[in-house]
Structure formats: C-alpha cells, structure tokens
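So the structure is just underneath, and the comments pick up after that.
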There are 2 protein chains.
Amino acid sequence: MTARDVATRRPQASEVDTREQLLIAVNDLIIERGLIDVSFSDIAQRSGVNSALIKYYFGNKAGLLMALLERAILPSLKQMEILLKLPDSPQDKLRKHIMGIVNTYHRYPYVNRLMHYLLAEGGDKYKTRITEELVKPGARGQEIILQEGVEKGVFRPVNPMLFYYHVIGACDHFSHGRFSLKHAFGVHSITDDLKREYVAYLCDSILNGILRKE
Amino acid sequence: MTARDVATRRPQASEVDTREQLLIAVNDLIIERGLIDVSFSDIAQRSGVNSALIKYYFGNKAGLLMALLERAILPSLKQMEILLKLPDSPQDKLRKHIMGIVNTYHRYPYVNRLMHYLLAEGGDKYKTRITEELVKPGARGQEIILQEGVEKGVFRPVNPMLFYYHVIGACDHFSHGRFSLKHAFGVHSITDDLKREYVAYLCDSILNGILRKE
C-alpha cells in the first residue's frame, strides 16, 4: 500500500463513518423518544458531529430522514429478492417474509411513522423515491408469493393490496405499540422469545387465513 | 321555561359548542395534514376561537389532544359493551368488532399516533387514563369474545395480547396508510366500497386464522 493509497482512501472511509455515525445517532434518539421529532442540535450533541456537517452530508432534515429510512428498509428488500428465488413452498416463503418484516420493525420501530412523515411533508422528490424504491418492491414481492400459492392450489385468491395493509399493519403495530404493551399488558420490553411467539402466532394466523380449504 | 332557565342554560350550551368546535378544528387539521403536529394558533385560526379559550377549556395541548382521543374512542368502547351482551355467535361478535374498529380508524385515522404521542409525551396522568379508560377495556372485550369462542369450541386458543396487536395494527394501517395507498396503489381515497371490501377480507382472514379446524 503506497502513501498515496492511504491519502486517497482515508477521507472516504471517514466520510462513511461520519455519515453512519449521524444515522446511528438519529436512530437512537428516535427510538428512545418514541417520536421522530429530533432537531439538528439534538443530533449534533448526540453524535459529536457539528450541524454544518449534517447539512453537508444530507442537505436538510428530510434528506437525513430519507437516508435513515433507506438504511432500515433496503436490506429487507434485498432479502425479499433472494427469498423469491428460493425453491421453498409459497407457505414457507410467506412465513420467512413475515418473520423478516417483524424483525425489521422490531429493530426500527419508527419506519412507518418516518415513511408517513416523508410522504406527507417531504415533497414530490421523496414521494417518488419512497413509492418506487421502498413500497412497490415490497408489495410486488408479496403479490408474487400470493400468486404462486394460488397457482399451486394452496392459497385462496385474495386482493394483494388488502393483504399488504393487513400484514404490514400487524407486523408494525407490535413494535410500534411498545408503549401500550408496557402500560396495558405489563410487558416492559419485547424479548426475543416474545418476538418469536408473535412471529409464530402471526404466521399461523395469516396462513390459516388464506389457505385454500380442503 | 323561565328567564332564569334560559340564563342558566345558555352558557352551558355555548360552552359545549365551543369545546366541540375546537375539537372539530383540531380533528380536521390533523386529518388534512396527516400529522398530529398542530399549534394553538393554527387551531385558533381554523376555529375562530381565541387561544386563551383553548387554554381555558383544555389546560394545555396534551389536555386538548386527550379530549380528542376520548372523543374518537369512547363511543366504540360503548358499542363493545353492547356487543358483548348480544346473543350473537362469537364469530359474529368478532366480525362486528372488526368492522367497528375499521370504521373508527377510518373516521379518525390519527387515533394510534395520538395515543402513542400522549403515552410518550403526556406524562403519568395521561398514561393512566389512556391505559385504564381506552386500551384495557378494548383489549378485555376482545379477550371475552375469544374466550367465548374457545369455550364453544369454534376458536382455537390464541394469546389475546398477540391477537390484540394483530387486529389493531391491521385495522389501523389501512386508514393510516392512505398516503402510501395513493402513491403505491393509485387509490386516491378510501371509498365506502373499498372500506367494506377491506372489512370483508379482514374478517374472513382473521376468522379463518383462529377457527378450530374440523
């Protein structure tokens, strides 16, 4: 490795680090507060990065929140692409898909609020990106699994759009509802066991709900 | 009716009107914006009631939002009480219950965001009121219907807490997701027909999901 390699590589690595460091700070603040309402000065204080740099990397708050949203969702869309190519049965694909969404929302319980916020406030640029990059590929993947199940005679035909809202809402609300979980049910944190129990319950319930009856 | 009756009644009637007028203004602003972030001056401008009166009626913003939340949820809890006393089968009770929640969220799509906001930010007073008055009675009603179904041999036993998050999430997300509905699915408004289609789909799916298999 020459001195020149080091000189040209280091700034890139540190840019990646600073960007990721900022996103981790926003992620943590949003999860702690349970609200997506965080200011540049909160983020600067938490990350130790000054707010001029936040502007440099993300332009404005919407740009920062969009990057946070992509960071949370893109990996699970990548998983969906892989899942669709597996030789598994449609039932198993659906189970893996539901487990994947529950896990994503468990890790990033703010995802739907953030998406909703950007769709309402972020302007047309973000609307198109969210729709084309994040919502449609997920919905399309579900539709392919449902269609495959119908063709193989295991699922009854259902409207994929209605199915989408049912599944996403159910997966999301469990993690998002952690405040009511605590107060109404005395559950202070969603342990891995409880998450697994929810996944098992939800997979059984949703699959029973669409299986073609003998 | 004496002059005294009129003199003592009128202020009460007008108080009710002003209070309701303020709640309608907040309701409309939140629905239009898709966000619960409204200021006293926005409300004053929309309602034509000055902001000193908002403080007089509700104390502070949390008090106002709590009143809005109760206005949205209490009627459906009243319906739940009536439903539990009907001679209907557990399946029919569950269908009516699901239809009731979808209708409530369709009319007040902000309910869960508002509850979440008050649980996160409203302080202990609101936590207790929301938990005891709004969340627990609804969850308890569901549990009674599920239990009745298990006793009559029509439902398989499921964890009522997991069922609660499944049903509430699915009912809520459809109305809350109206922005993504528009962009990702080209559905510009949730018509009564589409709402009925969702209720029918969801009732079938959730009931099939918990029916005891023959």
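The values are calculated or read from the model by the stated rules, or taken from the named source; none is laboratory data. Note that the coordinates shown come from a computational prediction; the quantities given were computed from them, not determined experimentally. Cβ sites come from the backbone with ideal geometry, for glycine too, and all protein chains shown count toward neighbours.
Tally the residues that are touching a residue at least 12 places away in the same chain (Cβ under 8 Å) and either surrounded by 15 or more Cβ atoms within 10 Å (Cβ to Cβ) or closer than 21 Å to A:ASP204 by Cβ (or both), restricting the search to the range A:79-95.
Count: 10.
Would you be able to tell me the number of residues in the range A:147-163 that are more than 8 Å from every other protein chain (Cβ to nearest Cβ), assigned to a helix (DSSP H, G or I) and in contact with a helix residue (DSSP H, G or I) (Cβ under 7 Å, 6 or more places away or on another chain)?
Adding up the residues that qualify gives 3.
Can you tell me which residue is surrounded by the most Cβ atoms within 10 Å (Cβ to Cβ) among those in the range A:169-214 that are at pLDDT 85 or above and acidic (Asp, Glu)?
Within the range A:169-214, the match that is surrounded by the most Cβ atoms within 10 Å (Cβ to Cβ) is A:ASP172.
Considering B:ILE98, B:ILE73, B:ILE130, which residue is buried (at least 19 other Cβ atoms within 10 Å of the Cβ), modelled with pLDDT under 95 and not assigned by TED's automatic domain parsing to the domain that holds B:GLU32?
Sole residue among the options that is buried (at least 19 other Cβ atoms within 10 Å of the Cβ), modelled with pLDDT under 95 and not assigned by TED's automatic domain parsing to the domain that holds B:GLU32: B:ILE130.
Pull up the range A:114-125, narrow it to residues that are of a type outside the set (Gly, Ala, Ser) and over 11 Å from the mean Cα position of the chain (by Cα), then point me to the one that is farthest from the other protein chains (Cβ to nearest Cβ).
The qualifying residue farthest from the other protein chains (Cβ to nearest Cβ) is A:LYS125.
Tell me yes or no: at least one residue of the range B:173-188 is of a type in the set (A, V, I, L, M, F, W, C) and within 27 Å of A:LYS182 (Cα to Cα).
yes
Can you tell me how many residues in the range A:177-206 are in contact with a helix residue (DSSP H, G or I) (Cβ under 7 Å, 6 or more places away or on another chain), more than 7 Å from every other protein chain (Cβ to nearest Cβ) and not in a helix (DSSP H, G or I)?
Of the residues in that region, 3 qualify.
Just checking, how many residues over the range A:101-127 are in a loop (DSSP other than H, G, I, E, B) and modelled with pLDDT of 90 or more?
3
Within the range B:161-188, which residues are among the aliphatic types (A, V, I, L, M), out of contact with any Ser or Thr (no Cβ under 7 Å at 6 or more places or on another chain) and over 16 Å from A:GLY209 (Cβ atoms)?
Result: B:MET161, B:ILE168, B:LEU181, B:VAL187.
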